[in-house]
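Student: Dropping a structure here in structure tokens format, bear with me for questions.
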Ligand code: MLC
Ligand code: AMP
């Protein structure tokens with residue numbers, strides 16, 4: 001039997017039930033899905049897409065963009081979404097590395113992708129779901145035989161930034177995605193009566209898989225929004241039952257006066273993840289609404305690993321016990337040996353959710369796994385006697401800003417290449433809105449430079465979310481006797497840079 005993810009995702013939906021409602025009120029019903037995705041799948045195949053090929057997609061969020069994802073899965077090809085904020089230089093790396101057969105991009109970036117000159121075909125799709133791909137799909141038949149796939153065949157590649165070197169493509173199989181979807185829908189008690197507020201981007205695990213798959217597997221519905229807007233989301237709550245968001249979404253909701261018990265009375269579940277949720281945010285949300293936010297923990301490479309319980313105690317500051325079918329252990333940072341319960345170490349995970357390795361990178365794949373199959377997350381954690389996991393830090397040098405990952409090394413390399421710069425060090429500073437903000441310390445040379453010059457130079461090279469919110473000039477970077485930059489000292493200097501309260 002075929003293990004194509006599409007078949008599992010669409011098995012439960014009542015044909016008459018709403019799958020997705022767009023902002024204007026237009027709906028796509030479960031019964032429309034086969035023909036709508038079938039037309040796009042036929043268009044893709046007509047453009048040369050075959051099972052195992054990569055289809056690289058950098059388009060604004062729209063219902064058609066989501067249908068495109070499902071259509072790619074149906075063809076047996078591998079879906080490769082890119083953050084729409086990536087610059088041309090950033091995007092061209094992914095094209096080179098993934099060698100897609102087809103690129104689907106916004107009409108305005110067609111010329112940029114053409115300039116990469118790597119021979120991939122290009123079709124377009126804009127924020128309204130219009131473009132050459134939509135035009136082509138309209139001419140196609142709706143009937144399409146979903147390509148049979150084996151459990152371990154790849155359904156998607158999602159790139160994660162690397163602590164060293166360039167981004168790595170995490171290879172996710174049909175099994176990975178189905179197993180996580182089934183587990184989460186069950187654990188979080190999704191039913192066909194649920195209505196999810198979907199205001200996350202669909203180029204990451206959270207919005208693309210966690211939110212969309214749990215809805216589909218239960219035959220539930222979603223209110224699909226192009227982006228997160230607190231007043232819009234609040235206005236939807238009387239018609240919704242579940243919301244999934246990053247901590248910034250919750251802190252922004254708390255700033256809205258409309259967040260009350262009454263406004264959230266129809267909601268049964270608020271889920272947070274992708275970055276640490278402050279216990280204070282959890283407490284304030286509880287006070288204002290009576291809802292205890294359910295925090296869970298995951299990664300691009302693994303999908304979701306742990307979750308606070310639906311029915312049991314949701315402990316603020318923890319990410320809950322491992323999901324059913326997922327094993328989590330804690331090992332010593334230096335020896336790799338399992339530590340005793342209650343001791344801090346690196347979190348390692350194993351289960352059907354764990355990815356198949358990094359695309360064309362056997363070296364990095366080997367480094368990321370233990371011989372017994374556990375994946376080394378790079379997150380530091382501890383497991384309490386009840387089995388609840390807490391994330392206490394990161395073994396990897398990583399900043400999470402508004403739920404998006406930024407690797408200091410990448411920003412430092414970009415800054416060090418600028419005129420007037422001797423060297424730089426990039427750290428996270430606590431930020432009331434984004435949780436963590438990117439801050440750069442820069443040592444200028446004799447020629448000199450300043451904050452404005454550095455920020456504007458970087459703007460063309462790096463996606464906006466990676467740009468330092470502040471650039472601070474410094475005479476010399478603090479170093480220890482071994483010559484290593486003392487990032488802890490730099491972090492201490494900026495700990496109050498953005499805090500208002
Ligand atoms: C936008 N900006 C950011 C930013 N998002 N800067 C730092 N960090 C971010 N995350 C920039 C904008 O470009 C703008 O720059 C300025 O900050 C203010 O923008 P804004 O209007 O406040 O931003 P907005 O468009 O509202 O976006 C903020 C956000 C968004 C929090 C809604 O970033 C978001 O949707 N984040 C969720 C990301 C996500 O889905 N993560 C899941 C990854 S999966 P300027 O210069 O124009 O002023 C994963 C696994 C797991 O991690 O466990 O889930
Ligand atoms: P990504 O590589 O974008 O998938 O980001 C995954 C990283 O986000 C994890 O390795 C964690 O560091 C972090 N993360 C995800 N969920 C949580 C959470 N609930 N609490 C703390 N960190 C989290």
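Student: With the condition kept exactly as written, say whether any residue in the range 15-29 is surrounded by fewer than 16 Cβ atoms within 10 Å (Cβ to Cβ), touching a strand residue (DSSP E or B) at 6+ places or on another chain (Cβ under 7 Å), at pLDDT 95 or above and not in a loop (DSSP other than H, G, I, E, B).
Tutor: So far as the range 15-29 goes, yes, one or more of its residues are surrounded by fewer than 16 Cβ atoms within 10 Å (Cβ to Cβ), touching a strand residue (DSSP E or B) at 6+ places or on another chain (Cβ under 7 Å), at pLDDT 95 or above and not in a loop (DSSP other than H, G, I, E, B).
Student: What pairs come up if the first residue lies in the range 444-470 and is in the same structural domain as residue 89 (by TED's automatic domain parsing), the second is part of a loop (DSSP other than H, G, I, E, B) and surrounded by 11 or more Cβ atoms within 10 Å (Cβ to Cβ), and their beta carbons are under 8 Å apart, counting only those six or more places apart or on different chains?
Tutor: Note: no pairs meet the criteria.
Student: Got a sec? Which of 120, 115, 134, 170 is within 16 Å of ligand 2 (Cβ to nearest atom) and either closer than 25 Å to residue 88 by Cβ or crowded, with 24+ Cβ neighbours inside 10 Å (or both)?
Tutor: That would be 170, the only listed residue that is within 16 Å of ligand 2 (Cβ to nearest atom) and either closer than 25 Å to residue 88 by Cβ or crowded, with 24+ Cβ neighbours inside 10 Å (or both).
Student: For the condition farther than 25 Å from residue 280 by Cβ and free of Cβ contacts under 8 Å to residues at least 12 places away in the same chain, what is the one hit in 341, 372, 416, 352?
Tutor: After applying the criteria, what remains is 416.
Student: While we're looking at this one, here's another question. Condition first: within 14 Å of ligand 1 (Cβ to nearest atom), in a strand (DSSP E or B) and over 22 Å from residue 248 (Cα atoms). Can you find one or more residues in the range 456-474 that meet it?
Tutor: yes
Student: Turning to a different aspect of this structure: Do you know which residues across the range 278-328 are part of a strand (DSSP E or B) and more than 16 Å from ligand 1 (Cβ to nearest atom)?
Tutor: 327
Student: So, one more: So which helices (runs of 4 or more DSSP H) are wholly in the range 197-276 and hold at least 3 residues that are in contact with a helix residue (DSSP H, G or I) (Cβ under 6 Å, 6 or more places away or on another chain) and more than 16 Å from ligand 2 (Cβ to nearest atom)?
Tutor: Per the criteria, 212-218, 247-254.
Student: To continue, here is another question. Pull up the range 340-353, narrow it to residues that are part of a loop (DSSP other than H, G, I, E, B) and within 19 Å of residue 394 (Cβ to Cβ), then point me to the one that is farthest from the chain's Cα centre (by Cα).
Tutor: My answer is 343.
Student: Right, here's the next one. Quick one: which residue in 391, 376 is in contact with a strand residue (DSSP E or B) (Cβ under 7 Å, 6 or more places away or on another chain), part of a strand (DSSP E or B) and away from ligand 1 (no atom under 16 Å from the Cβ)?
Tutor: 376
Student: Can you name the residue in the range 206-226 that is touching a strand residue (DSSP E or B) at 6+ places or on another chain (Cβ under 8 Å) and more than 13 Å from ligand 1 (Cβ to nearest atom) and is also nearest to residue 236 (Cα to Cα) among such residues?
Tutor: Selected residue: 223.
Student: Filter the range 372-401 down to residues that are within 20 Å of the chain's Cα centre (by Cα) and buried (at least 20 other Cβ atoms within 10 Å of the Cβ) and give me whichever is nearest to residue 342 (Cα to Cα).
Tutor: 379
Yes/no matrix, rows are residues, columns are (1) touching a helix residue (DSSP H, G or I) at 6+ places or on another chain (Cβ under 7 Å); (2) not in a loop (DSSP other than H, G, I, E, B):
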site: 141; (1), (2): yes, no
site: 144; (1), (2): yes, no
site: 151; (1), (2): yes, no
site: 157; (1), (2): yes, yes
site: 171; (1), (2): no, yes
site: 175; (1), (2): no, yes
site: 179; (1), (2): no, yes
site: 192; (1), (2): yes, no
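Student: Output the number of residues of the range 394-425 satisfying the condition of being closer than 25 Å to residue 333 by Cβ, within 13 Å of ligand 1 (Cβ to nearest atom) and in contact with a helix residue (DSSP H, G or I) (Cβ under 7 Å, 6 or more places away or on another chain).
Tutor: Selection size over the range 394-425: 4.
The values are calculated or read from the model by the stated rules, or taken from the named source; none is laboratory data. These figures come from a predicted structure and were not determined experimentally. Cβ sites come from the backbone with ideal geometry, for glycine too, and all protein chains shown count toward neighbours.
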